[in-house]
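The values are calculated or read from the model by the stated rules, or taken from the named source; none is laboratory data. As the structure is a prediction and not an experimental result, all values here were calculated from the model. Counting neighbours? That spans all protein chains shown, and the Cβs are built from the backbone with ideal geometry, glycine included. For the accessible areas, the whole protein counts, side chains as well, though only heavy atoms, and no ligand, DNA or RNA atoms are used. Shrake-Rupley method; radii C 1.70, N 1.55, O 1.52, S 1.80 Å.
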Amino acid sequence: MEIGIDSFAAMMSGNSSRSLSDTDALTQLLDRIAYADTVGLDIFGIGEHHRKGFLDSAPTLILAAAAARTRRIRLTSAVTVLSAADPVRVFENFATLDLISLGRAEMVVGRGSFIDAFPLFGYDLQDYDELFAEKLDLLLKIRANEFVTWSGKFRPALKNQPVYPRPVQNPLPIWLGVGGTPESFVRAGMLGLPLMVAIIGGETHQFRPLIDLYRKAGKEAGYTPEQLKVGLHSLGYVANTTQEALDDFYPGYAEAMTKVGKERGWAPMTRGRFEAQLGPKGALLVGNVEEVAEKVLRHADALGGISRLTFQMDTAEVPHEKLMQAIELIGTRLKPRFCKTL
């Protein structure tokens, strides 16, 4: 079981009226990645957004900077918005990151939870799924072949065209990031790709039927259970006490979810709705070390086993010092306890 952190490079304000500068926010993010490596976490992921409030529009640049400051931790996207990107350039960027990091690069590809990238890069939202399917096909062909012959609808054809550089890892790990669309789970299984499931609300066990679809499709396509890995991306935060965790996490979480809710027609976040997500079946992993470890085990059991768990903490805009404390607790206390329990 791998334990790690995902970040969207939020422009941290620390739940106060005084926001950090962009340079300070990125400096602190790199400090957190370096510290995650120091305390023994396995993975650190950087998201991709193209909107105000996030500094992760060029995630491979952040990961490359982190590679120079780390030695062991694996560095991944969370997620790469493949539908609005050129698969050739995506592969080149991550292959270069793999060389810089001496074989520690990965990518999680998906369609993203926001649509800002589509108009920004000149794509039609009506082609939402078709774009992703075609570009994933090309990305996997590039990964498998140094010289690529390929044709599609949305990009000029390639005729025995070489793509460089080639990564240290062969193959370069590619996970498929999914939300709640059954077709996405089935596609990942048919391709034999490891699955990263973003569960940011509701009850985690409700995703079991979708994961069963993934495993069934993978088995029918001839892949082994070991190839069909399942990872879980969860909103979470760990503190010394439960009350400290709730008081630190809730204000920024409520603000962020209410803001997104205005765009998507959700009701404003309330303390009651927040606390409902903290129950045994709720998706949020917020609390002290013992509570969160026990909840992770319940989630893993409910989903039929998971290979990776990543905490997404900075959406709640918890101050940097608090995030560093949480990273230390996850690395030095939660991960050993969890692994020992397993």
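Brief remarks follow.
- Inside segment 91-133, residues that are open to solvent by 30 Å² or more (accessible area, probe 1.4 Å), modelled with pLDDT of 95 or more and touching a Phe, Trp or Tyr at 6+ places or on another chain (Cβ under 6 Å) make up a count of 0.
- For segment 298-310, the set of residues classified as among the hydroxyl-bearing types (S, T, Y) and open to solvent by less than 10 Å² (accessible area, probe 1.4 Å) consists of T310 only.
- Counting only residues that are aromatic (F, W, Y) and open to solvent by less than 30 Å² (accessible area, probe 1.4 Å), segment 39-90 holds 1 of them.
- Selection from segment 252-273 of residues that are under 18 Å from A198 (Cα atoms) and at pLDDT 90 or above: Y253
- D24 satisfies every condition listed in (1) within 29 Å of R333 (Cα to Cα); (2) modelled with pLDDT of 95 or more except (2).
- Checking each residue in segment 84-106 for being among the basic types (K, R) and either in a loop (DSSP other than H, G, I, E, B) or touching a residue at least 40 places away in the same chain (Cβ under 8 Å) (or both) picks out only R104.
- Scanning segment 277-297 for residues that are of a type outside the set (A, V, I, L, M), out of contact with any Ser or Thr (no Cβ under 8 Å at 6 or more places or on another chain) and surrounded by fewer than 23 Cβ atoms within 10 Å (Cβ to Cβ) returns Q277, G279, P280, E290, E294.
- Any hit, segment 222-242, residues being part of a helix (DSSP H, G or I), farther than 17 Å from G180 by Cβ and in contact with a strand residue (DSSP E or B) (Cβ under 9 Å, 6 or more places away or on another chain): yes
- Residue tally, condition open to solvent by less than 40 Å² (accessible area, probe 1.4 Å) and assigned to a strand (DSSP E or B), over segment 148-189: 8
- The residue pairs whose first member lies in segment 216-244 and is within 28 Å of I5 (Cβ to Cβ), whose second member is modelled with pLDDT of 95 or more and among the basic types (K, R), and whose beta carbons are closer than 6 Å, counting only pairs six or more residues apart or on different chains, are L228/R215; G231/R308.
Residue-wise test of (1) open to solvent by less than 70 Å² (accessible area, probe 1.4 Å); (2) out of contact with any Leu (no Cβ under 8 Å at 6 or more places or on another chain); (3) within 30 Å of V318 (Cα to Cα).
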{"residue": "L210", "(1), (2), (3)": "yes, yes, no"}
{"residue": "K216", "(1), (2), (3)": "no, yes, no"}
{"residue": "T242", "(1), (2), (3)": "yes, yes, yes"}
{"residue": "L246", "(1), (2), (3)": "yes, no, yes"}
{"residue": "G252", "(1), (2), (3)": "yes, yes, yes"}
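- Hits in segment 190-203 - residues which are modelled with pLDDT of 95 or more and open to solvent by less than 30 Å² (accessible area, probe 1.4 Å): G192, L193, P194, L195, M196, V197
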